[in-house]
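Notes follow the structure.
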Amino acid sequence: MELEPFESPKLVLGGAKESIADFEAACASFVKAPGYTVIRRMDGKTGEEVVSARFEGSALGTVRLSAYRVVNQLRDALDQATSDAAKALGLTNVANVHFPMGRSSDDLERAISYRLKGADPDLVAFVRALRPYLGGNDELWALGRISGPNKHQRVLAIGLDNDAGFRIGGDDIHIVGPAKLGVGTWNSSRNELELVRVGAGGYYYDGVTPALTVKIGDAEVFGGKPAAACFHHLAGVVEGVVAGLEAETARIIAARAA
């Protein structure tokens, strides 16, 4: 049986919310027992010893897979709602219809000309008014950016939980200055989190354990904010757009009948 208009995107959106819960659970498991190797190397520019935690790809796999589901379900909900609206308003071929996004307003216009070709002008005007581009509605643009192929792997980052800080076990002195504790720089290509920088004459013992969190790593996409909170927020944004598309479609149909 064929679904009613907008039923499918609402189901997908519900699935996204469930996936966010799965993502939160995966993050909680990861930060509780992250499993990493301590790596030491010298910084040739500063002369400091850099101490980092290197995480195995398998340790991050569940977290990344959960994130993949979230961002793609949220994007799918937008695309399906746009397709449903265009079809309900008379567009017969909706194979290429997607919710358009762009890096700039000009990019958006190019996306509209392709993704909403032949769609009802009032629907096009409604989508254009949402301003899904960088400098317009940055949140919608961000969703488009991180939902592309494998973008989730680059955008997710491991960071230090600034509220929890570091756990230091035993009575030994673990750090002797000069040293900078809690640097927190993430290297996505190496899966490494920089923990400590030790200057000449300083010393660091591996008994210092960092408290971790999963963040958004890309500076243009909620830069550095907790990933789960960002996903919850994006789900609310998408839910509003889906509801708006449904309401605008009903308005246009009613106006035609008047």
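The values are calculated or read from the model by the stated rules, or taken from the named source; none is laboratory data. Quick caveat: nothing in here was measured; it's all calculated off a predicted structure. Reconstructed Cβ throughout: ideal geometry from the backbone, glycine too, with neighbour counts over all protein chains shown.
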Practice task
Test GLY47 against the stated conditions and say whether it is within 29 Å of ALA81 (Cα to Cα), of a type in the set (Gly, Ala, Ser) and either assigned to a loop (DSSP other than H, G, I, E, B) or at pLDDT 90 or above (or both).
Solution key: no
Fill in the blank from the handout: Cβ pairs under 8 Å, 6+ apart or interchain, first in region 210-226 and at positive phi, second assigned to a loop (DSSP other than H, G, I, E, B), ordered by first then second residue, are GLY224/GLY217
Problem - Residue in region 70-90 that is on the phi > 0 side of the Ramachandran plot and within 16 Å of the chain's Cα centre (by Cα) present - result: no
Completion exercise
Residues of region 151-179 being surrounded by 15 or more Cβ atoms within 10 Å (Cβ to Cβ) and at pLDDT 80 or above, in sequence order, are LEU156, ALA157, ILE158, GLY159, LEU160, ASP161
Problem - Answer residue from region 62-102, given it is part of a loop (DSSP other than H, G, I, E, B) and in contact with a Gly (Cβ under 7 Å, 6 or more places away or on another chain) and is surrounded by the fewest Cβ atoms within 10 Å (Cβ to Cβ) among those - result: LEU91
Exercise for the section: Assess whether PHE126 counts as being in a helix (DSSP H, G or I) and either of a type in the set (S, T, N, Q) or out of contact with any Cys (no Cβ under 9 Å at 6 or more places or on another chain) (or both). Expected result: yes
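Of all residues in region 103-122, which are among the aliphatic types (A, V, I, L, M) and surrounded by fewer than 21 Cβ atoms within 10 Å (Cβ to Cβ)?
Looking only at region 103-122, we keep the residues that are among the aliphatic types (A, V, I, L, M), and these are 108, 111-112, 116, 119.
Residues satisfying the conditions are ALA111, ILE112.
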